[in-house]
Amino acid sequence: MTEVQPPGNPLPPESVDCDVHHPNPTTADLLPYLPEVWQDLITARGILQFDSIAYPNNAPLTCRPDWRDSAGGLRNHAARLGATVLEGFGAGTAILNNLCGVHMIYDTDMAIALTRAINDWTRAEWLDRHPGLRASMVIPLQDMEAAVAEIERCAADPRFVQILLPAAAHMPYGNRSFRPLYRAAIRHRLPVGIHAGSAYHHPVTSVGWPNTVIEDYAAQAQILQSQLASLVSEGVFAEFPELKVVFLESGVSWLPAFMWRFGKFWKGLRFETPWVDRLPAEIIRDHIRFTTQPFDAPDDPDILARLIDQIGSDQVLLYASDYPHWQFDGNNPLPKSFDAALIRKIALENPLATYPRLSEKSS
């Protein structure tokens, strides 16, 4: 293992890394956590993996070279992850977000079985093996009743601190069909995390399917903007004023222009959405959080100050390394322009306010 060097921007004790990725499990990893009928069926079909094009294993962005295993792959374990993300970067807690392509599956029964297995595998192979790890639960969006049941099941373990959704599923997340999910989130004091990625049942761009990974990756910001507009416009936060939604790996520099444009159109069309009773930007600042990697802005303190001023709040940012994705070099996940006060805000105060189950666990 490479010697761990201290980070350039020291994090305050007990900081929270809000977006860390443990490797997607293979079917061999999941078989012990599946009912026998699914063990037999998956083995007979020869299914080896449930990866998606969102993060191709061999793409440089997927994993920094020095974080790959000795064979150049993505295999990892809790001790190695903890040594890099916690001891190496200086965080006290890391929230694991698994990006297995379970949402792509059309077989609803298989999706339900696999999401249960992924959550049980995450608990047994990761949470049980390192005290600094917490996790988001994966749910089967193919069936909302089963999704709520999985939330209820996983919520019994306080180490699950968030519900994880892909940026693009089958419809916008403001749609009424997702209301049971939000009720369950409020019931268990869970934020909803929306991570860059897709179920790939629809094109990732509004004009059809792209040919390259870079087009897919760049289009994620448009998808997240659409989800943000949907959540606000369809009254999710009017109905669930306690709900927090975390945009993971979304970027942040697009937010000021989006809020201005969204607010401009709302002023002219507000009669369509009487439940949106204040500026969308105010609702966004109260309910939406954004992780800091990838931080899509120049490393310039003046630009950072202007960006936060245009957003109108430093409460919307959450520290994240996005390990093992290659978003930065060296051992410092934060831009040099982040001063100590801002680091404390985004790495400690904002995460604890966003993830109440972290405090419950420590009390």
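The values are calculated or read from the model by the stated rules, or taken from the named source; none is laboratory data. In this text, all values refer to a predicted model and were calculated from it rather than measured experimentally. When we count neighbours, we look across all protein chains shown, and the Cβ atoms used for this are built from the backbone with ideal geometry, even at glycine.
In region 17-54, the qualifying residues are those that are of a type in the set (D, E, K, R) and in contact with a strand residue (DSSP E or B) (Cβ under 7 Å, 6 or more places away or on another chain), and the one that is nearest to VAL102 (Cα to Cα) is ASP19. Kindly list the number of the only condition in (1) part of a strand (DSSP E or B); (2) surrounded by fewer than 21 Cβ atoms within 10 Å (Cβ to Cβ) that fails for VAL148. Unmet for VAL148, out of (1) part of a strand (DSSP E or B); (2) surrounded by fewer than 21 Cβ atoms within 10 Å (Cβ to Cβ): (1).
Within region 271-279, at least one residue is outside any helix (DSSP H, G or I) and either in contact with a Lys or Arg (Cβ under 8 Å, 6 or more places away or on another chain) or basic (Lys, Arg) (or both).
Scanning region 55-71 for residues that are of a type in the set (Ser, Thr, Tyr) and under 18 Å from CYS100 (Cβ atoms) turns up TYR55, THR62. Quick one: is ALA135 among the aliphatic types (A, V, I, L, M), buried (at least 23 other Cβ atoms within 10 Å of the Cβ), more than 22 Å from LEU34 (Cβ to Cβ) and touching a Leu at 6+ places or on another chain (Cβ under 9 Å)? Spelling it out, it is not the case that ALA135 is among the aliphatic types (A, V, I, L, M), buried (at least 23 other Cβ atoms within 10 Å of the Cβ), more than 22 Å from LEU34 (Cβ to Cβ) and touching a Leu at 6+ places or on another chain (Cβ under 9 Å). Residues that are part of a loop (DSSP other than H, G, I, E, B) and either aliphatic (A, V, I, L, M) or without any contact (Cβ under 8 Å) to a residue 24 or more places away in the chain (or both) within region 109-145 comprise PRO131, ILE139, LEU141, listed in sequence order.
Give the residue that is nearest to LEU99 (Cα to Cα), with candidates limited to residues of region 255-273 that are in contact (Cβ under 8 Å) with a residue 40 or more places away in the chain and surrounded by 16 or more Cβ atoms within 10 Å (Cβ to Cβ). Among residues in region 255-273 that are in contact (Cβ under 8 Å) with a residue 40 or more places away in the chain and surrounded by 16 or more Cβ atoms within 10 Å (Cβ to Cβ), the one nearest to LEU99 (Cα to Cα) is LEU255. Pairs linking a residue in region 316-338 that is closer than 19 Å to GLU14 by Cα and modelled with pLDDT of 85 or more to a residue that is charged (D, E, K, R) and assigned to a loop (DSSP other than H, G, I, E, B), with Cβ atoms under 9 Å and 6 or more positions apart or on different chains, are ALA320/GLU249; ASP322/GLU249; TYR323/ARG64; PRO333/ASP322.
For region 52-108, enumerate the residues that are of a type in the set (S, T, N, Q), modelled with pLDDT of 90 or more and part of a helix (DSSP H, G or I). THR84, THR108, listed by residue number. Annotation: LEU243 fulfils all but one of (1) of a type in the set (A, V, I, L, M, F, W, C); (2) closer than 28 Å to TRP275 by Cα; (3) at pLDDT below 95; the unmet one is (3).
Just wondering, is there one or more residues in region 229-236 that are within 19 Å of the chain's Cα centre (by Cα), touching a residue at least 24 places away in the same chain (Cβ under 8 Å) and over 25 Å from SER177 (Cα atoms)? No; the residues of region 229-236 include none that is within 19 Å of the chain's Cα centre (by Cα), touching a residue at least 24 places away in the same chain (Cβ under 8 Å) and over 25 Å from SER177 (Cα atoms).
Residues that are touching a residue at least 60 places away in the same chain (Cβ under 8 Å) and among the small types (Gly, Ala, Ser) do not occur anywhere in region 286-308.
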